[in-house]
Amino acid sequence: MSNLKIDVKGETCPIPLVEARKALRTASLGDIVEITGTHPASKKEIPMAVEALGMELISVEENDGIWKIKIKR
Amino acid sequence: MLNNYTYLDNASMTRLDERVLEEMQKCFFENYAIPTSESGYSMGIESREILDNSRKIIADTLGTSKQEIIFTSGNTESSNIALKGTLMAWTQRKKRENENNLNTEDKIKNHVITSSIEDFSVLNTSKSLEKLGFQVKFLDVDPDGFIDPEDLKNSITNETIIVSIQHANQEIGTVQDLETIGKICKEKGVLFHTDATHSFTRLPLNINKTPVDLISISAHTIHGPAGIGALYIRKGTPLLKWMDGGFQEFNLRGGTENIPGAVGFAKAIQLVNEDENQRLLKMRDHLIDRILNEVPKTILNGHPTNRTPQNVNITFEYVEGESITLHLDMRGFGVSTGSACFSRSLDPSHVILGIGGNPERAHGSVRLTLGRFNTMEEMDAVADALAQVVENLRKISPLGMK
């Protein structure tokens, strides 16, 4: 099990989701993927996609406009 | 993520049919020689027969003879040869006549007519012809994507050499009235080329019914291999060879023949039948009906019935096409969009803009193109997924609709 960290701060739609997808694709079952970004729509969009994929959304945190989403593959 | 993937981008490329591969394999391992003359060795003679037979299958489908079919690397090359080859031949002939003072009063003709929604193979060939000094008229289309035959008639001048209008559109599936267009060209005495990449074998096209001088076709849209296409050239059409090399393809295109490709193309043609086209049409209409009825604020791009049996193209207002494609991909569906960032050109679809859409309509457009390996169950599944994805995206849409 490993921990993948993706930084998409400053990037807008659709880059954050594209990068999240890339990470989830390379991750193995059970891996944790952590995405950090700033684009507000992506903060809602990524959990939406995770839910549809049937993966586990561990947490969504936000501090000073920077959000962090943790997903278990 | 790629388990149970439903591929719905068959206008771009199709999955090869195993039966096509089976035929092609023989040309890699059993008869792999280049075609030779009767005085050559046996394997070469057999290769020639195999190539001839493939050519005949293509010719029969179009209602012509195999002497009027040349193999190419695909529809892009076919359309390049069709347009550049005829124009160069014309220009050269006129130059010769002028040099010999045979017809000094006659200016060199330099006019080409095409439509504004052609695929890049014709559109960008036409643009490059403009740079070479030709005058190109890009005909506008109506909101369904049809050119106006009257407009065409009025656009043909004494300077016009060739008209190039596609059979079916690559994005919205609209099928042009080639019979009327062909008759106008024949009456006016100009050449007529059509790009039939997206209609070939899916819709009838016979040169005995439709007066066409040049037709571009390709194998990759009908579950054949990529890298092989053909060009129909009506006997007597002036055409300058511009791929120099050997004397292959009736001395019109140099280069060692792609026999496995030709054999695969021919087999792919034989595997398409009317039942399959009807099945695609039923799936297409079911999918269009479900989306238009179940997802609010949608627009069907292209004509409802006068479209290829495999094409669905819908704009979802207030949503970005690439967001839809991404979310659908994560749910296991591969589709395409006319949105700018998705395309390699970084411009919104010239087709959606051409039918009077604004950039927003292009950005929200999604194209789903069906093929042999799709099922009705997949149509329902993608309709369900689309309804959910679009609803969710609209909730977070920065484009206005909440």
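The values are calculated or read from the model by the stated rules, or taken from the named source; none is laboratory data. Quantities reported herein were computed from a predicted structural model and do not represent experimental measurements. Methodologically, a virtual Cβ is constructed for each residue, glycine included, from the backbone with ideal geometry; neighbour enumeration extends over all protein chains shown. In case anyone asks, the SASA skips ligands and DNA or RNA and just uses the protein heavy atoms, side chains included. Shrake-Rupley method; radii C 1.70, N 1.55, O 1.52, S 1.80 Å.
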Of the conditions (1) farther than 30 Å from B:LEU370 by Cα; (2) open to solvent by 40 Å² or more (accessible area, probe 1.4 Å), B:GLY246 clears all except one; give me its number. (2)
Restricting to the range B:132-170, name every residue that is assigned to a helix (DSSP H, G or I) and touching a strand residue (DSSP E or B) at 6+ places or on another chain (Cβ under 7 Å). B:ASP151, B:LEU152, B:SER155
Specify the residue that is farthest from A:ILE15 (Cα to Cα); the eligible residues are those in the range B:300-333 that are in a strand (DSSP E or B) and open to solvent by 10 Å² or more (accessible area, probe 1.4 Å). B:LEU300
Of those in the range A:1-43 that are at pLDDT below 90, within 9 Å of chain B (Cβ to nearest Cβ) and open to solvent by 30 Å² or more (accessible area, probe 1.4 Å), the residue nearest to A:MET55 (Cα to Cα) is A:ARG25
If I go through the range B:178-212 residue by residue, how many of them are surrounded by 21 or more Cβ atoms within 10 Å (Cβ to Cβ) and not in a loop (DSSP other than H, G, I, E, B)? 9
Would it be correct to say that B:VAL263 is open to solvent by less than 20 Å² (accessible area, probe 1.4 Å), in a helix (DSSP H, G or I), in contact with a Leu (Cβ under 9 Å, 6 or more places away or on another chain) and under 21 Å from B:ASN75 (Cβ atoms)? yes
Somewhere in the range B:338-345, is a residue in a loop (DSSP other than H, G, I, E, B), touching a Ser or Thr at 6+ places or on another chain (Cβ under 9 Å), within 13 Å of chain A (Cβ to nearest Cβ) and touching a residue at least 24 places away in the same chain (Cβ under 8 Å)? yes
When you scan the range B:134-177, how many residues do you find that are charged (D, E, K, R) and crowded, with 24+ Cβ neighbours inside 10 Å? 1
Just checking, does the range A:8-19 include any residue being out of contact with any Phe, Trp or Tyr (no Cβ under 6 Å at 6 or more places or on another chain), among the hydrophobic types (A, V, I, L, M, F, W, C) and assigned to a strand (DSSP E or B)? yes
